[in-house]
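What follows is a set of notes on a single structure, which appears directly below.
The values are calculated or read from the model by the stated rules, or taken from the named source; none is laboratory data. Please read these numbers as outputs of a predicted model, since none were measured by experiment. Neighbour counts run over all protein chains shown; Cβ positions are idealised from the backbone, glycine included. These accessible areas exclude ligands, DNA and RNA; they are computed on the full protein's heavy atoms, side chains included. Shrake-Rupley method; radii C 1.70, N 1.55, O 1.52, S 1.80 Å.
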Amino acid sequence: MQEKVYHTSFEQEEKYWWYVGRNVIIRSFLEKYCKLKKGSSVLDIGCGTGGFAASISENLIPLCLDTSPIALEYCKKRGIKNIFNSTLEEFDASNLNIQALTLLDVIEHIENDFSVIKNANRVLDKDGWLLVTVPAFKWLWSKHDVLVMHQRRYSKKQLVNLLSGAGFQVEYSSYFNFFLFIPAVIKRFFNEHFVKEVNIESVEEVPNFLNTIFKNIFAFESKVLQKIKFPFGLSIIAIARKK
């Protein structure tokens, strides 16, 4: 990613609605499906500036893996001790006893996403868990995808097939960021087709009151997704187990 994206992420991860809401959803699924014991090790692949890893550090041991020295320096500032500057392909997971992996909006940045998932299978312990989130729908491609260097967006079927083909048993998959889908699509369409010059940032500024509203709406999905699966959304979540 562009360097400025890391700086923005570090500043915003603990307060911006999208980061906060997504992390609430991910933690709820780690608890419901993976049922990790306190002190279990979770490897966050493509950890960025460590916002999610820091959010689980009270009960779990986060391991942060990234190829960006800038990102890993920010992880250190968050107090994360277990950091690794490496690709997943070159990563030595021996003796780490990794019970779960997270790939949170990562594989869409990588040309060979299948290779990443295969290597995730390799480093996981037997019966280990993989939790993946990705952006949804190719037709939603926009200038924002270009800024953050996406290679693609996914359908749920594409993601499930990718995980299954790499040796995982998919236990759950759904679209999410459902309630804000329609306003987001309308705004994106308007910017793409009617606004000639748009200042695109990795995190789009919103007033504090809107940030609070969006954060609460998004985080609320953690409860709804436990009972139903959404037919569409801005993102996709999948939970899989190593066969």
For this session: Would you calculate, for the chain, the mean residue ellipticity at 222 nm contributed by helices, counting each DSSP H stretch of 4 or more residues as -39,500 (n - 2.57) and dividing by all residues, to the nearest 500?
Result: -11500 deg cm²/dmol
Exercise. Taking each full run of DSSP H in the chain as one helix, which ones are at least 20 Å long along their axis (Cα atoms) and have mean Kyte-Doolittle hydropathy of at least 0.0?
Worked result: 208-224
Exercise. So which of Lys156/Lys227; Lys32/Lys138; Lys15/Lys223; Lys35/Lys227 end up more than 25 Å apart by C-alpha?
Worked result: Lys32/Lys138
Problem set entry | Distribution of pairwise C-alpha distances over the chain, 5 Å bins, in % | 1, 6, 14, 19, 21, 19, 12, 6, 2, 1, 0
Exercise. Where both partners of a DSSP beta bridge lie in the chain, what percent of those bridges are antiparallel, to the nearest 5?
Worked result: 45
Problem set entry | Three-way shape call for region 1-127 based on the alpha-carbon gyration tensor, with the a/c threshold at 1.5 | rounded
Seminar exercise, completed: The set of residues whose placed amide H lies less than 5 Å from the amide H of Phe176, leaving out same-chain residues fewer than 5 positions away, is Leu234, Ser235, Ile236, Ile237
Seminar exercise, completed: Residue span Ile217 to Ser28: 0.36 nm per residue of separation minus Cα-Cα distance leaves a gain in nm of 66.5 nm
Exercise. Over 19 Å between Cα atoms, which of Lys143/Lys187; Lys118/Lys243; Lys143/Lys215; Lys157/Lys187 qualify?
Worked result: Lys143/Lys215; Lys157/Lys187
Seminar exercise, completed: Share of accessible surface on carbon and sulfur in the chain, whole %, 1.4 Å probe and ligands ignored, is 53
Seminar exercise, completed: The long-range amide H neighbours of Leu104, using H built 1.01 Å from N in the peptide plane and a cut-off of under 5 Å, are Ile45, Thr133
Seminar exercise, completed: With every protein chain kept in place and a 1.4 Å probe, region 36-164 has an accessible area per residue in Å² of 46
Exercise. Put a dot 7 Å past each Cα toward the Cβ at Ser115 and Asn191; how far apart are the dots in nm?
Worked result: 3.1
Exercise. How many nm separate the modelled label positions at His7 and Val146, each set 7 Å beyond the Cα in the direction of the Cβ?
Worked result: 2.2
Exercise. With springs only between Cα atoms under 10 Å, which of His144, His193, His109 fluctuates most in a Gaussian network model of the chain?
Worked result: His193
Seminar exercise, completed: Note, Ile80: beta-carbon cut-off 13 Å, +1 each Lys/Arg, -1 each Asp/Glu, net -1
Exercise. Considering the chain as a Gaussian network with a 10 Å cut-off on Cα pairs, which listed residue, Glu14, Glu171, Glu204, attains the greatest mean-square fluctuation?
Worked result: Glu204
